[in-house]
Structures are given as structure tokens and as C-alpha cells.
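Structure record follows, encoded as C-alpha cells.
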Amino acid sequence: TAHDASPGALRFPDGFVWGAATAAYQIEGAAHVDGRRDSIWDAFARVPGAVIDGHDGEVACDHYNRSADDVELMRSMNIGAYRFSTSWARIRPDGVSGRAGINQAGLDFYSRLVDDLLDKGILPWLTLYHWDLPQALEEKGGWTNRDTADLFTEYAGTVHDALGDRVKVWTTLNEPWCASFVSYTAGAHAPGRQSPADGLAAAHHLLLAHGQAVRELRSRDASLDLGITLNFTVADPVDPADAGDVDAARRIDAQINRVFTDPIFKGAYPVDLLEDLEAEGLADGFLAHVRDGDLETISAPIDALGVNYYHGEAVSRTAPPAALDGVAPTERPTRSPYPAADGVHVHPRGLPTTAMGWEVQPEGLTRVLLRLQEHYTGPAGVRLYVTENGCAYDDVADADDHVDDQDRLAFYDVHLRAMHDAIEQGADVRGYFAWSLMDNFEWAWGYHKRFGIVRVNYETQSRTVKASGRWYAEVARTNTLETRGAAPA
Ligand code: GBH
């Protein structure tokens, strides 16, 4: 449809998907309602010091009871696709295999949500796992137990039985890096374990779960759109002429990005990663989990790769001694998420930061997308989607909950430009999802950090579209990024 773009405005390709994202535990609440049982996040939130001020997801945004209104809100904001996750602990609450393990009320909730979305012309974009493992399974070893991958595959089938007639886009996992290394090595996320070996085992079993679920869903319906979402960082050496700094950047790249992209797209773990693990005495234990055929399963062809991008980082082997432990804000001690990056330090480089302390580095997004296109997804014919990008700022709301978040609006503007750059240079990016649709439970930070383009008043549960949300609705409506200043205030 024609749109009178001003000179200098950036058009996106026809059919570009403009979406918003959330995750079950962060918004649903109703954590022990209608048969849902503890996930690892319910249990972790009860650990003293794990989440700031003891916040938890018991009520969250009460989305479980307000999903119809939230869908209508999205329609009013011209959101074309809604990326949400299903809660395993709502659907198979006790982690029990077979029909007896299914909680129909949990499936019914998602079925209503999907109907509401389709009713309003919003594409349902379903993620099967956004970190809320049933606690019953953690008690059997969680993601360090290979059986969890099989149970995940069965759970994927259960969700497909209920929703597969209407949901066509399926993401297996959100950010397996966080679900393994932040959760089982750093201990900053549930279940809070602090072991490099456990993080490595979890990473392999998450990848295996992904590959098995892709095969299962593909065999049920060859027309499904299947993918995974990974979080990417751009690690730059503080001094590109310093071999130690270059090696530090290589390690971070291997241990966040390539540990997942290489098995998925190339069917092999990176050789340099295995060498670094070997030097730490971790390689044999890790490889003991990798059985014949696993990498073939993990590299099952996918249709779409979801890219979550928040920030980059400058790293060094030398100075200053700032520990890589920024993943948890709380008094409960955490360790580095990296199994083989002792002595690697993040250096501030004077870029502006968000309320999370993360650098605003939009050109990192351009680089991530172009690198994926050139070395991973392009050769495999896989479409790219930015499935999360966004920021927390210290919002100031007036008495009517209005937030004039020009800082957040500017963050989105520069990142959409960076994505547009990548598209112009050949990256096959088909869509973008703002993180997040609404303020929500920000994991170890509880409700202290707000990422929404919609404000949530946690006393009244009222939703108020922020200035950034009104601006985003215009971008979505026009498929165009106006020159800054032309945006509605
Ligand atoms: C996403 O993960 C999640 O998918 C989403 O649930 C969450 O709400 C959202 O981001 C906002 O946090 O602290 O310097 O070590 C975030 C991915 C990757 C971002 C690692 C922070 C570590 C930075 N994260 N990164 S540091």
C-alpha cells in the first residue's frame, strides 16, 4: 500500500513482519492456577537473594486472565505477529510422559490465545521453551539429563496436537545460551547451578532437544515454518593489535555465538572451542554427552533463525580487572557464564548505556546479521528474523501512566536503521520483534527493569502505550522508518 514517505525515510521490504515479543513466565502470572505447577523459575524465585526483592512470576502482568485484552491492544498498535512462549509447566506440569501427564486446561489457554490472535489478523509465533522447565524435571537433573531432550520432544508434540491446525510458525528454544550457561554455569538464572560442566551438558542437551523437536514437527507437517532463536553478541578486542585481546574476543564469540550456530548450521562444534575446553580439562566430560548421530539430529534443516540482539562488548585479556559477572544483579554470588574464558574482561568504551548497563551499539546488529547471512543462514537458505531487540530505561510515568520514553524510541530508531543497513547489504531479514510488548518480570531483576513499549501499572494491571509504542505502531503501519523528528510525539 502506498505511503507518503518523507525524503530520507527508509522503506522495508514488502511483507516485512512487524511484531512484538513476550515470554510465558515473564507475563502470565497464574503460576499455580488451573493445574500449572512449579517451573524452575518459581523454585528459583524462592531462593533468598536470587531475584531482587524476592519478586516472582506469581502474578506478573496477569496476562493469563487478560490475554484477550492484550491481543486487542496489539491490534490497536498494528502489531502483525505476536511472539509468545508456551509454559511447559502449564501443559505437562509434572514432567510425566504419556497422556496422563497432559494438563488440558493449560492447552486450552493457548488455544484461546491463538484463536484471539487469528481473529484480529495477528500471526501467532510460538516458542516452545523460554526457560521455564518443570521443576519436577530439574529434580531429575534438568537439562544435564539427556532424558529431558526426549521429554521436550514429546511436549512439542503435545503442543502441536493442540495447536498445529492453527499455528504455522514454531520456534523450539529461546536463547539456549542463557538456558545453559547463565542457568547452570553462572547460576544467575534458574535453576542457579554453578558448574562449567553442567552448563556444557545442558547446552548439548538443549541443542539435541531442538533437533529432535524439529524432526518430530517436520514429520507431522512438512509445511510448518521451523526455527530456533539464539542470542548474539559482538565481541570486539579492546586493542585489535593485541593478540591477547583478539584471543579474548575469539573465546567470547565461540562461547556465546558459535557454540550454537556451528552445530546447528555446520553439524560440528567449533574446533577452537573444544581446544579451549580441553585446556580447562572440560573437553572429555563434554564430549561424553555427544553421541553418534547427535550432530546430525542437531543440524536438521530449519526455515528461520531468530536473532536476539541487545548489545556488543569490548573484551580484553589484560586490564582492568572487571569480572564478567554482570548477568546477576543480586547479592547471591554468581560466577562467569563462560567455561573457558578465565581472565577475559569486559571494558567500557564510552558508548551510551541503557538501564541494564548494556552498551547501545546498533552497528553490532548490522554485523551480526551480515555475518549470519554470509557464513550460516545464507548458504543454508534460511530466513533471518530479529526476534528480540529492545531496552530498559528508567521510565517516568505521570499520574495517568503516560511515559514519554524518547530514550527508548531513539534506541529502536537506531537499531531499525542498523537492521535496514544489513538488509540493503544483502541480509535476508524478514521481520522484527520488539522486546517487549509490555513491561514484565525481568528475571533476576524482578519488576525493577522495564522493557515494554507498553507500560504496565503493577498495582492496577492497566496497560498504557508509551511514546515508543505509538511510534512503533506507525513504523508497523507504514512499513517505513521516517527520518527522526517526523515521528509523532
Ligand atoms: C533476553 O535475553 C531474553 O530472551 C528475555 O527474556 C529478556 O527479558 C530480555 O533479553 C532482556 O533481558 O550482563 O554484561 O553479562 C537477554 C540476552 C545475553 C543479554 C547476555 C545480556 C549479558 C550481558 N542477554 N547479555 S552482561
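The values are calculated or read from the model by the stated rules, or taken from the named source; none is laboratory data. Everything quoted here is computed from the prediction, not taken from an experiment. Cβ coordinates were reconstructed from backbone atoms using ideal geometry, including for glycine residues, and neighbour counts include every protein chain displayed.
Only a single criterion out of (1) more than 14 Å from Arg36 (Cβ to Cβ); (2) of a type outside the set (A, V, I, L, M); (3) not in a helix (DSSP H, G or I) is not satisfied by Asp132, namely (1).
Between a first residue in segment 46-67 that is in contact (Cβ under 8 Å) with a residue 40 or more places away in the chain and a second residue that is surrounded by fewer than 15 Cβ atoms within 10 Å (Cβ to Cβ), which pairs have beta carbons less than 6 Å apart while being 6 or more apart in sequence or on different chains? Qualifying pairs under 6 Å: Gly49/Glu331. Condition first: in a loop (DSSP other than H, G, I, E, B), modelled with pLDDT of 95 or more and over 30 Å from Arg332 (Cα atoms). Now tell me which residues in segment 92-104 satisfy that. Listed by number, the residues that qualify are Arg92, Ser97, Gly98, Ile102, Asn103. Checking each residue in segment 428-438 for being away from the ligand (no atom under 16 Å from the Cβ) and in contact (Cβ under 8 Å) with a residue 60 or more places away in the chain picks out Val429, Arg430, Gly431. In summary, Ile122 fulfils each of the numbered conditions (1) more than 14 Å from the ligand (Cβ to nearest atom); (2) under 20 Å from Gly95 (Cβ atoms) with the single exception of condition (2). Tallying residues that are surrounded by 19 or more Cβ atoms within 10 Å (Cβ to Cβ) and either assigned to a loop (DSSP other than H, G, I, E, B) or not hydrophobic (A, V, I, L, M, F, W, C) (or both) within segment 348-366 yields 6. Contact map, segment 301-316: residues that are free of Cβ contacts under 8 Å to residues at least 12 places away in the same chain and part of a loop (DSSP other than H, G, I, E, B) paired with residues that are within 11 Å of the ligand (Cβ to nearest atom) and charged (D, E, K, R), Cβ distance under 7 Å, separation 6+ or inter-chain. No pairs are found.
Evaluate segment 372-384: report whether one residue or more is of a type in the set (S, T, N, Q), farther than 30 Å from Ala31 by Cβ, buried (at least 20 other Cβ atoms within 10 Å of the Cβ) and more than 16 Å from the ligand (Cβ to nearest atom). There is at least one residue in segment 372-384 that is of a type in the set (S, T, N, Q), farther than 30 Å from Ala31 by Cβ, buried (at least 20 other Cβ atoms within 10 Å of the Cβ) and more than 16 Å from the ligand (Cβ to nearest atom). The residues in segment 439-467 that are away from the ligand (no atom under 13 Å from the Cβ), among the hydrophobic types (A, V, I, L, M, F, W, C) and within 21 Å of the chain's Cα centre (by Cα) can be counted, and the count is 3.
Among the residues of segment 234-252, some residue qualifies, meaning at least one is within 16 Å of the ligand (Cβ to nearest atom) and charged (D, E, K, R). Scanning segment 160-180 for residues being crowded, with 24+ Cβ neighbours inside 10 Å and either away from the ligand (no atom under 16 Å from the Cβ) or farther than 21 Å from Ile256 by Cβ (or both) gives a total of 1. Here Ile256 meets the list (1) in a helix (DSSP H, G or I); (2) β-branched (Val, Ile, Thr); (3) within 16 Å of the ligand (Cβ to nearest atom); (4) under 19 Å from Glu296 (Cα atoms) almost entirely, failing just condition (4). I'd like to check something: does segment 391-409 contain any residue that is in contact with a strand residue (DSSP E or B) (Cβ under 8 Å, 6 or more places away or on another chain) and within 30 Å of Ala254 (Cα to Cα)? Looking for residues that are in contact with a strand residue (DSSP E or B) (Cβ under 8 Å, 6 or more places away or on another chain) and within 30 Å of Ala254 (Cα to Cα), one finds none in segment 391-409, hence no. Condition check for Leu200 on (1) closer than 25 Å to Ala81 by Cβ; (2) away from the ligand (no atom under 16 Å from the Cβ); (3) touching a residue at least 40 places away in the same chain (Cβ under 8 Å): one failure, at (1). Being closer than 26 Å to Gly49 by Cβ, of a type in the set (Ser, Thr, Tyr) and buried (at least 22 other Cβ atoms within 10 Å of the Cβ) is a property that does not hold for Tyr155. Might you check whether a residue that is at pLDDT 95 or above, buried (at least 23 other Cβ atoms within 10 Å of the Cβ) and at positive phi occurs anywhere in segment 181-201? Yes, the conditions are met somewhere in segment 181-201. Step by step: first the residues of segment 203-229, then only those that are of a type in the set (A, V, I, L, M) and within 16 Å of the ligand (Cβ to nearest atom), then the one that is nearest to Asp147 (Cα to Cα). Which residue is that? Filtering segment 203-229 for residues that are of a type in the set (A, V, I, L, M) and within 16 Å of the ligand (Cβ to nearest atom), the one nearest to Asp147 (Cα to Cα) comes out as Leu206. Scanning segment 261-286 for residues that are among the β-branched types (Val, Ile, Thr) and surrounded by 15 or more Cβ atoms within 10 Å (Cβ to Cβ), we see that the one that is nearest to Gln212 (Cα to Cα) is Ile264. Taking first residues from segment 100-118 that are touching a residue at least 24 places away in the same chain (Cβ under 8 Å) and partners that are among the small types (Gly, Ala, Ser) and buried (at least 18 other Cβ atoms within 10 Å of the Cβ), the Cβ contacts under 8 Å between residues at least 6 apart in sequence or on separate chains come to Gly106/Ser87; Leu107/Ala162; Phe109/Ser67; Tyr110/Ala162; Ser111/Ala162; Arg112/Ser67; Leu113/Ser67; Asp116/Ser67. Can you confirm whether Ser111 is within 16 Å of the ligand (Cβ to nearest atom) and in a helix (DSSP H, G or I)? Against the criterion (within 16 Å of the ligand (Cβ to nearest atom) and in a helix (DSSP H, G or I)), Ser111 does not qualify.
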